[in-house]
Amino acid sequence: VLGLALGAVWGLALHRLLALEGLTVLAVPWSTVAAVAVGSVLVGLTAAVLPALRASRMNVLAAIAHE
């Protein structure tokens, strides 16, 4: 979410800079933005769930003794 917000701020700044040069129309590919947001959520959830599933299958005492 932070990356998406930072990208939006940079995009707005770039749009204003280009407007000074005479470029007044800027098309935002909203479908791509949405796809990247959904993809990042899926990757983040997968990265959190897989280690949690592995840890839930371990014996607690064996896990403590291993470290």
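Here are the numbers for this structure:
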{"quantity": "Among residues of segment 26-47, those that are open to solvent by less than 100 Å² (accessible area, probe 1.4 Å) and either among the aromatic types (F, W, Y) or not in a helix (DSSP H, G or I) (or both), counted", "calculated": "4"}
{"quantity": "Qualifying position, being surrounded by 10 or more Cβ atoms within 10 Å (Cβ to Cβ) and at pLDDT 90 or above, among L23, L50, L2", "calculated": "L50"}
{"quantity": "Residue pairs meeting the criteria (Cβ under 9 Å; at least 6 apart or on separate chains; first over 15 Å from A34 (Cα atoms), in segment 1-21; second surrounded by 10 or more Cβ atoms within 10 Å (Cβ to Cβ))", "calculated": "G11/L26; G11/V28; L14/L26; H15/L23; H15/L26; L18/L26; A19/L26"}
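The values are calculated or read from the model by the stated rules, or taken from the named source; none is laboratory data. Computed from a predicted structure; not experimentally measured. Cβ atoms come from the backbone with ideal geometry, glycine included; neighbour counts cover every protein chain shown. Just so you know, the surface numbers come from the protein's heavy atoms only, side chains and all, with ligands and any DNA or RNA stripped out. Shrake-Rupley method; radii C 1.70, N 1.55, O 1.52, S 1.80 Å.
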